[in-house]
Amino acid sequence: MVLKREMEIEIDRDGKVNIKVKGVQGADCLEFSQFLEEALGETVEQELTSEYYQLPTPTEITVQQTRQ
Amino acid sequence: MSHFTKVQTKITDLDCLKQALEDLQYICREGEVRVRGWRGQWSQADLVADLGGPYNIGFRKAVQGHYEVVADWWGVEMRAGISQAKFVNDLNQRYAYHKVLSEVRKRGFSVAEDETLEDNTIRLVVRKWS
């Protein structure tokens with residue numbers, strides 16, 4: 001299957017760059033735009049959206065609770 | 001949509017820097033060049049943008065690998081009417097534009113959309129099938 005992967009890039013008037021990755025699920029998407037982030041400078045903010053949490057493979061999650 | 005990232009641009013690519021200065025209509029000189037300041041004082045730089053007067057704006061490669069802007073801003077603003085904030089912002093935006101295009105093309109993306117919005121934000125959509 002061929003997948004369309006997109007990045008929407010907005011460059012503010014002061015040169016700050018906002019990158020949105022589309023069509024890439026799970027943790028892969030962080031790697032998908034990493035080359036660009038590294039080439040441009042320093043990442044100042046990162047926000048994960050719902051698609052990030054659609055994990056491509058089942059993952060076991062362990063929750064640990066501590067009480068004081 | 002998967003994630004958003006905000007990146008603060010750092011100028012490291014000399015070719016993109018020169019393209020950005022060209023977009024902003026500056027004439028550049030490279031090599032053993034000097035940034036000129038008040039009363040003939042000068043400082044060494046790797047690249048200068050001429051302003052057609054006694055002052056100019058220089059770029060010097062820092063040890064960390066990025067280019068620093070060097071200028072006698074008081075003189076530049078008085079004689080050429082260019083403020084540091086406006087110059088640096090405009091330059092960062094044009095630089096980021098060229099750097100983004102150069103990097104995404106290297107990775108096999110095609111540019112699907114390229115526009116400047118009303119508030120002067122540049123918006124690009126790049127695409128790849130895999």
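Annotation note: of B:R39, B:R94, B:R29, the sole residue that is out of contact with any Phe, Trp or Tyr (no Cβ under 9 Å at 6 or more places or on another chain) and crowded, with 18+ Cβ neighbours inside 10 Å is B:R94. For segment A:1-48, the set of residues classified as more than 7 Å from every other protein chain (Cβ to nearest Cβ) and surrounded by 19 or more Cβ atoms within 10 Å (Cβ to Cβ) consists of A:F32 only. I'd like to check something: does segment B:13-25 contain any residue that is assigned to a helix (DSSP H, G or I) and free of Cβ contacts under 8 Å to residues at least 40 places away in the same chain? Among the residues of segment B:13-25, at least one is assigned to a helix (DSSP H, G or I) and free of Cβ contacts under 8 Å to residues at least 40 places away in the same chain, which makes the answer yes. Of all residues in segment A:27-50, those being part of a helix (DSSP H, G or I) and within 22 Å of B:G65 (Cα to Cα) number 7. On the stretch given as segment B:71-130, residues that are more than 7 Å from chain A (Cβ to nearest Cβ) and among the basic types (K, R) total 5. Just need a number here: residues in segment B:1-22 that are within 15 Å of B:F87 (Cβ to Cβ) and surrounded by 15 or more Cβ atoms within 10 Å (Cβ to Cβ). Final tally of qualifying residues: 5. Can you tell me how many residues in segment B:34-64 are in contact with a helix residue (DSSP H, G or I) (Cβ under 9 Å, 6 or more places away or on another chain), in contact (Cβ under 8 Å) with a residue 24 or more places away in the chain and under 20 Å from B:S83 (Cβ atoms)? Here the count works out to 11. Return the residues of segment B:25-46 that are out of contact with any Leu (no Cβ under 7 Å at 6 or more places or on another chain) and of a type in the set (A, V, I, L, M); say none if nothing qualifies. Listed by number, the residues that qualify are B:I27, B:V35, B:A45.
Where a number appears in this text, it was derived from the coordinates with a stated rule and is not lab data. Computed from a predicted structure; not experimentally measured. We place every Cβ from the backbone using ideal geometry, glycine too, and count neighbours over all the protein chains shown.
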